Amino acid sequence: MVKSLDRKLASIHANPSGCREFILADAKDADMAFGIGAPGQSPEAHSGEVRFKTLEEYREQIRAIIHQGVVDIMLMSASTNHALTIRERLFENSAITPAARANDTTDVHIARGSRYAQEPARPFRSASLDHIQCGHLDCSPEERALGADLGLYSVTFNNDLALDLATLERFHQFREEAERKNFRYFLEVFDPNMPNAIDPAILPSYLNDMIARMLAGVAPAGRPTFLKIVYHGPRAMEELVRYDPHLVVGILGGSAGTTLDAFQMLADAQKYGAKVALYGRKINNAENQLAFIQFLRLIVDGVIGPVEAVKAYHAVLGKLGIAPRRTLADDLMLQTGSMSYGETKTSVTVPARPEPAKAEACACHDHASKVVAPTAKACACHDHPPVEIATPSVAKPSKNGFPSTLDGRPDFARMDVSQRLAYHRDRLGLGR
């Protein structure tokens, strides 16, 4: 099956300034950072004791998101990649691209009681590229297609010559190995994890210069598929995008924050040139991950704005009988969120922006994930048709002009951005 990532990247490079394609990624690699706590807290009460979900529950959520088919990339640990990509073959009939975290610098080592993230980041790799690609060392050429051929490589600069030189040397070694093994990667550039590494006022410029400088010596065969960076606002994003339109820039999500934090950051980053968003904790901590992801897609497709998306998301939770973690009023607040795993790095505030009035999208479901007619009590947008939170199965040919699944539902993974926009405009009664 053609992967939506490959199709979108081709469209972006064909028309960097005019293409509205947007790549969404779910980061389910937190077991390489938080360990036992990565899957999140169990919703059940345990007499005051904090109980975490299990690794299998974490993977079951990944399976559901793969089945939904809305994201373009699923980022996993090497061990989860082996379980789901190699052993279960879950991506063979999916437009989603599997990916694995290829390194884990020490600033993402967040064991309970540890102080590692408070020290300057050191380069480190747990994963083997062969394990990611075929599940064992020394893959044969034909075996390398069994697993993931895409990985995340992370660097953290602290404006320290010795530390940053070591980081660049390890990155050089990784690039050579990846190119020899036909392994693609996207590059994550974290903010410094030391508070006094650089003046915060110049930090975005420092990072843009470091990115441009480090990649200037890399030919196309060794360059990243795209970037994953902290969103530092319009000026920094526009500067980097303008410098090299073929350097596809994406944002990382950071800590969970409010729902408006996640939705507004996405809309703003896209407005100023980002083409990718990779959200981890923002998705994993959502009350309903499938609904949350669907609204991320509706936002980047231009169907709904961030504020109305928050309201519609709460309507979905109400219809499902899920208690939100915050009131709607609190969830419509913007907070300052840390952009690090250990929450020791620079904090970034996404400013509030007025948005034009739009018809509210409404996504109301029953407990069997079947679309039902919204009611005034459960859904504020009851005057408009509901937006379906799709869980596509195996694809079949287009129906009524839109790709659909075997059960007749819209197959959002196979739609391009213009088809998705037209589909949702039709459903919302907005016209094309």
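Structure summary
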{"read-out": "Gain in span if fully extended, residue 180 to residue 160, counting 0.36 nm per residue against the direct Cα distance", "value": "4.2 nm"}
{"read-out": "From phi via Karplus (6.51, -1.76, 1.60), per-residue ³J(HN,Hα) for segment 183-188 in Hz, x at Gly/Pro", "value": "10, 8, 8, 10, 9, 9"}
{"read-out": "Rounded, prolate or oblate (a/c below 1.5 giving rounded, otherwise prolate when a/b exceeds b/c) for segment 4-358 by Cα gyration tensor", "value": "rounded"}
{"read-out": "HN-Hα J in Hz across segment 312-321 - Karplus 6.51, -1.76, 1.60, θ = phi - 60°, x for Gly and Pro", "value": "5, 4, 5, 5, 4, 4, x, 5, 7, x"}
{"read-out": "Lysine pair number, Cα distance threshold 22 Å (strictly under), segment 4-358, separation 8 or more or different chains", "value": "23"}
{"read-out": "Amide H contacts under 5 Å for residue 52, placed H, 5+ residues apart", "value": "42"}
{"read-out": "Assigned charges on the beta-carbon of Lys, Arg, Asp, Glu; segment 4-358 dipole about Cα centre (debye)", "value": "520"}
{"read-out": "Whole-Å distance, taken between Cα centres, linking segment 151-201 and segment 227-247", "value": "17"}
{"read-out": "Distance (nanometres) between label positions extended 7 Å along Cα→Cβ at residue 330 and residue 173", "value": "4.7"}
{"read-out": "Potential extension, residue 243-residue 36 segment - 0.36 nm per residue separation minus Cα distance", "value": "70.4 nm"}
{"read-out": "Residues residue 201 and residue 93, FRET efficiency given R0 of 45 Å [Cβ-Cβ distance, rounded to 0.05]", "value": "0.35"}
{"read-out": "Interchain or long-range residues, amide H under 5 Å from residue 335's placed H", "value": "258, 261"}
{"read-out": "Amide H partners (placed H, <5 Å) of residue 233, local residues excluded", "value": "none"}
{"read-out": "Sparsely packed GluC sites (Glu not before Pro) within segment 55-136, loop by DSSP, other Cβ within 10 Å at most 15", "value": "88, 92"}
{"read-out": "Derived scalar couplings ³J(HN,Hα) [segment 64-81; Karplus, 6.51 cos²θ - 1.76 cosθ + 1.60; whole Hz; x for Gly, Pro]", "value": "5, 6, 4, 5, 4, x, 9, 6, 9, 9, 10, 8, 9, 6, 4, 6, 5, 4"}
{"read-out": "FRET efficiency for residue 112 and residue 15, using Cβ-Cβ distance with R0 set to 56 Å, rounded to 0.05", "value": "0.70"}
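Read-outs: derived from the displayed coordinates by stated rules, not from any lab. Predicted model, so just to flag it, every value in this text is computed and none were measured. Neighbour counts are summed over all protein chains in view; Cβ atoms, including those assigned to glycine, are modelled from backbone coordinates with ideal geometry.
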